[in-house]
Amino acid sequence: MTGRPERPGDGFRILLVEDDDGDALLVEELLHDTGLPHTLARCHTAADARAALASAVLDCVLLDLHLPDASGVETVQAIQADTQAAIIVLTGLDEPRAGVDALAAGAQDYLVKGKVDPDLMQRAVRYAVQRKQAERANAALQIGRLRAAENARLERGLLPEPLLSTTGVTASSRYFPGRAQALLGGDFLDVVQTDDGQVHAVIGDVSGHGPDAAALGVCLRIAWRALTLGGHRDQQLLHLLEQIHIAERADHDLFTTCTLIRLDPHAATATVHLAGHHEPLLITDEGAQEITAAHGIALGIAPGLGKWSATTLSLPARGALVAYTDGLVEGFADSTGARLGVDGLLRIIDAIHTPDPGAHLDQLIARTRALNAERHTDDLAVLRLDWNTGTPEQAADAWRTAP
């Protein structure tokens, strides 16, 4: 009966923790008479049991409450921290409260020595194991619910509703998490329109994954909106964002790439600033192309030394700008291991023929993920700004802010 518990192909894996040889023999005979398929191993002390539980996967622990190194409820507490197995406490005839106290401490059931028959033993083992499995499933479900609620709160911070009042511009966005658990990363985006009628947009990517990256992304997104509505622009705005990034980041290695876009309705131009980020794509009736823009370093790489030059381009009467994070282009393009890249992305965009911007983004993400065969590990966010002002004479009216 002594030795390390083994894990058979089927049956219950049971560990008996009992220092009395006579009681141990009775338990062994009871288990044999139950007809339960099982393997049984025995330990004499709580310390030995913890070592056995650390080295093997078990279904059930039959635990005596009086061991040389532990006694009473503390015996249950000493064991349950090291195992996911069900615990059945073995109590004496003169311990009427011990079993109830053990249940309150986390045990799944208790049996009174001298009052156990094979049928009772069989039911106790089966029900205790099932009860423990149900408790674990319920705990996992609760963790999943809490994680989903936390993700929803973070997503609202990373992907807010655009503040647009113009009739000439629409904003569409999509986000897809890259981790296996579908946890948010640090990708963020936002669109606002200021009182002068200009439309401002940002898309960014905090390095890393998990709650720290997501929290920093939320912080930068909110800061960008507040600073933009407060009148800060271009390099000054990026320097302020970098200061906030440095002050709020949890790890000194974290950096943030981002693209700032400012659409000017009166001049029919777009001004772009890149901080370690991809150039946006321009989609017109002639097709899609990557715009040529000046690059600057990502926020947090060389604090205080960044230079972010502006690139200004004329806008056609109708078109769209698409900005994205690197999760969209760094996936695989086929089974050979080649990356999709910007050229592959442009080919996909030119092959999509739908007038609806949201449907266009849905198809774009679906096709890139299909080519990547669901192997993506990075988050991806996409922002599309569409305008349709018609003729130059109609543009002035279309770009005006709506009442």
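Annotations for the structure displayed:
- Positive contributions from Lys and Arg (+1) and negative ones from Asp and Glu (-1), summed over other residues with Cβ under 11 Å from the Cβ of His200, come out at -1.
- DSSP H segments from the chain that extend 15 Å or more along their own axis, Cα-based, with Kyte-Doolittle mean of -1.0 or above: 21-34, 118-158, 211-229, 234-248, 341-351, 357-371
- Counting 0.36 nm for each residue step from Thr354 to Ala56 and taking away their Cα separation leaves a gain of 101.6 nm.
- Among Leu40, Leu364, Leu346: highest mean-square fluctuation, GNM of the chain, C-alpha pairs under 10 Å: Leu40
- Probe 1.4 Å, protein heavy atoms only - accessible area per residue of the chain in square angstrom: 47
- Among Thr45, Thr256, Thr269: highest mean-square fluctuation, GNM of the chain, C-alpha pairs under 10 Å: Thr45
- The residues packed around Thr256, meaning those with a beta-carbon under 11 Å from its beta-carbon, carry a net charge of -2 if Lys and Arg are +1 and Asp and Glu are -1.
- Modelled FRET efficiency - R0 25 Å, Gln235 with Val342, Cβ distances, 0.05 increments: 0.45
- Overall, the accessible surface of the chain at a probe of 1.4 angstrom is composed of carbon and sulfur to the extent of 51 percent.
- Computed over the chain, the ratio Rg/Rh where both radii use C-alpha atoms and Rh is Kirkwood: 1.23
- Theoretical ellipticity at 222 nm over the chain - DSSP helices of four or more residues, -39500 (n - 2.57) apiece, nearest 500: -12000 deg cm²/dmol
- If the chain linking Ala137 and Leu305 were pulled fully straight, counting 0.36 nm for each residue of separation and taking away their Cα-Cα distance, it would gain 55.3 nm.
- Spin-label model, Gln84 to Arg126: label points 7 Å out along the Cα-to-beta-carbon direction sit 2.4 nm apart.
- DSSP beta bridges in the chain [antiparallel fraction, %, rounded to 5]: 70
- Scanning the chain for GluC sites (Glu not before Pro) lying in DSSP loops with no more than 14 further Cβ atoms inside 10 Å, the longest uninterrupted stretch between such sites is 7-285.
- Placing +1 on the Cβ of every Lys and Arg and -1 on the Cβ of every Asp and Glu, with no other charges, gives the chain a dipole of roughly 880 debye about its Cα centre.
- Taking max minus min of the alpha-carbon positions on each principal axis, segment 169-307 gives extents of 42, 34, 26 Å, largest first.
The values are calculated or read from the model by the stated rules, or taken from the named source; none is laboratory data. Given the structure is predicted, the values throughout are model-derived calculations rather than measurements. Using ideal geometry, Cβ is built from the backbone for each residue, glycine included, and neighbour counts are taken over all protein chains shown. What goes into the accessible areas is simple: the full protein's heavy atoms, side chains included, and nothing from ligands, DNA or RNA. Shrake-Rupley method; radii C 1.70, N 1.55, O 1.52, S 1.80 Å.
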